[in-house]
Structures are given as C-alpha cells and as structure tokens.
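Undergrad: Here it is, the structure in full.
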Amino acid sequence: MIELNKCFRLLDEGFSLITVSNDKIPNTKWKEYQTKAIDKDTFEKHYNLSTTENTGIVTGYDYLEVIDVDLKVFSTAKEQKDFWDEYLAFLKDNIFDFDDKFVIYKTQKNGYHILYKSKRVVGNTKIASLKGHKEAVIETRGVGGYVFVYNGKNQNEKTYKDIQFISDEDRDILWSCSKTYNYVELIETVIPNKTKKEYSNDGLKSWDDYNNKTNI
C-alpha cells in the first residue's frame, strides 16, 4: 500500500483520493470526493481502517482521465509484452511528442495506466475487446471512476505530478488508435441470390491500412 506521506503529497498536488479494500471496492462512501477532494484528517482516518488495502485516485476530478490497458486477458507474458509494445509504438507514431504529454504507470496485474487531463473527460468507457474475450483490453476511467495509486516511475520517468492537459486532437487520436483493436463480429446480410458479409468497425478508416498489416 502507498505510504501515507505520499498520499498527503498527492492531496497537496490537487488530487482527490479514496481508500479501497482488497476486493477493489471503496471501503467508505466516496461520491462527494468525485467533486471535492478529501481533507487530510478524514483521509488519514480512512487510511487507518482495518479494511484499507489500497489507495485510489479519483478520475474525472480536475479533468483526470486514464486509459487502462488490461493485459491479463492474454494467457502468456509474451502475448502481453507483444501487445503493449505494438500499442505503445502505434500511439507514439501518431501522437507528436507522445512521451512529453502522457504519464504511464505499470499496474499490479502487468497492465498499464496512461494518464492525462482533458476537459472532454467522460464516464468510464470500454474501448476495445479482443476476439474471444468478454473483458475489455482497453478501457477508460473517467467521471465516476478511480485507479489505484502506484509507486515508482515508468516508461518516460514521469510521475503523477507531471500529469497535464492534452489537446482535443491528441485525445481524438489516442481514442481512435485504441478503437482499432476492438473486435466486432461479422454480420451476414442476405441479398437476393447472394449472401454479403459485412464488417462493422467503430475505428477510423484512416487506420485501416495499419490493421491490414497488423495481426494481434
């Protein structure tokens, strides 16, 4: 669990925090902290509860939005690494100065959080699910959500205090790149004397060439 002093520093830096039990459920009422940061005295009381196992940063508060890449949907470490390496390279190829704009933390389940701020932040959203998987591999945490706080630094040596606003254009590209990984079942349409197969894709057509060349 994150040290109390680090939690206090995050509160000083403008984040809203909650405490979480070992079943990933907030162990206190936290609706008010979605719009107002908790004070240190109250947080310390929650922190010291016997049911507290983790600390969460409230998303949506102060425009914080997070792309949550959940790699546990893959059965092997190699599949996890291959997917993340390709996805990250895809983002870097399409978003100028990607490393300077986003903060990335590795999660306890070998996934990743990509953190940024945007005035277009929305509620938690499932973005991409792979063929044969019910759980999303890419989703967001926004209004009404939270993510665990993690120690250390990651990919680009940035920390929570380095989270910044991104442009609407960069957010659109981030979401559009992520949507290309969403698998949608083929739909068969019966036409007189012919059966036509159609493919429904909610990604942008500009990524079609990339999808044709890439196989996850």
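Undergrad: Looking at the range 112-126, I want the residues that are within 17 Å of Tyr87 (Cβ to Cβ) and among the hydroxyl-bearing types (Ser, Thr, Tyr) and have a partner that is open to solvent by 40 Å² or more (accessible area, probe 1.4 Å) and not in a loop (DSSP other than H, G, I, E, B) with Cβ atoms under 6 Å, at least 6 apart or on another chain. Which pairs are those?
TA: Here the result reads Tyr112/Lys106, each pair linking the range 112-126 to a residue that is open to solvent by 40 Å² or more (accessible area, probe 1.4 Å) and not in a loop (DSSP other than H, G, I, E, B).
Undergrad: Looking only at the range 35-53, count every residue that is closer than 23 Å to Ile163 by Cβ and open to solvent by 40 Å² or more (accessible area, probe 1.4 Å) and tell me the total.
TA: Of the residues in that region, 4 qualify.
Undergrad: Restrict the check to the range 2-10 and report whether at least one residue is β-branched (Val, Ile, Thr), touching a Gly at 6+ places or on another chain (Cβ under 7 Å) and in contact (Cβ under 8 Å) with a residue 60 or more places away in the chain.
TA: Start the filter on the range 2-10 by keeping residues that are β-branched (Val, Ile, Thr), which leaves 2.
Those left that are additionally touching a Gly at 6+ places or on another chain (Cβ under 7 Å): none.
There is no residue in the range 2-10 that is β-branched (Val, Ile, Thr), touching a Gly at 6+ places or on another chain (Cβ under 7 Å) and in contact (Cβ under 8 Å) with a residue 60 or more places away in the chain.
Undergrad: Helices (runs of 4 or more DSSP H) wholly in the range 1-105 with at least 1 residues that are closer than 26 Å to Ser176 by Cβ - which ones?
TA: Values: elements: 4-12, 40-47, 77-94, 98-101.
Correct list: 77-94, 98-101.
Undergrad: Another one. Just checking, which of Thr180, Thr189 is modelled with pLDDT of 95 or more and of a type in the set (Ser, Thr, Tyr)?
TA: Numbers: Thr189 fails: modelled with pLDDT of 95 or more.
Of the residues listed, the single one that is modelled with pLDDT of 95 or more and of a type in the set (Ser, Thr, Tyr) is Thr180.
Undergrad: Tell me which residues, restricted to the range 121-170, are among the charged types (D, E, K, R), crowded, with 19+ Cβ neighbours inside 10 Å and part of a strand (DSSP E or B). Full working, then the answer.
TA: Kept after step one, since they are among the charged types (D, E, K, R), are these residues of the range 121-170: 126, 131, 134-135, 139, 141, 153, 157-158, 161-162, 168-170.
Checking which are crowded, with 19+ Cβ neighbours inside 10 Å leaves us with 139, 141, 158, 170.
Selection gives Glu139, Arg141.
Undergrad: Residues that are touching a residue at least 24 places away in the same chain (Cβ under 8 Å), touching a helix residue (DSSP H, G or I) at 6+ places or on another chain (Cβ under 8 Å) and hydroxyl-bearing (Ser, Thr, Tyr): does the range 50-58 have at least one? If you could, list the steps in order and put the result at the bottom.
TA: If we filter the range 50-58 for residues that are touching a residue at least 24 places away in the same chain (Cβ under 8 Å), which is where we start, we get 51-58.
Then drop every residue that is not touching a helix residue (DSSP H, G or I) at 6+ places or on another chain (Cβ under 8 Å), which leaves 52, 55, 57-58.
Restricting the remaining residues to those that are hydroxyl-bearing (Ser, Thr, Tyr) gives 52, 55.
So far as the range 50-58 goes, yes, one or more of its residues are touching a residue at least 24 places away in the same chain (Cβ under 8 Å), touching a helix residue (DSSP H, G or I) at 6+ places or on another chain (Cβ under 8 Å) and hydroxyl-bearing (Ser, Thr, Tyr).
The values are calculated or read from the model by the stated rules, or taken from the named source; none is laboratory data. For clarity, every value in this text was computed on a predicted model and none was experimentally measured. Positions of Cβ are backbone-derived with ideal geometry, glycine not excepted, and every protein chain shown enters the neighbour counts. With ligands, DNA and RNA removed, areas are computed over all heavy atoms of the protein, side chains included. Shrake-Rupley method; radii C 1.70, N 1.55, O 1.52, S 1.80 Å.
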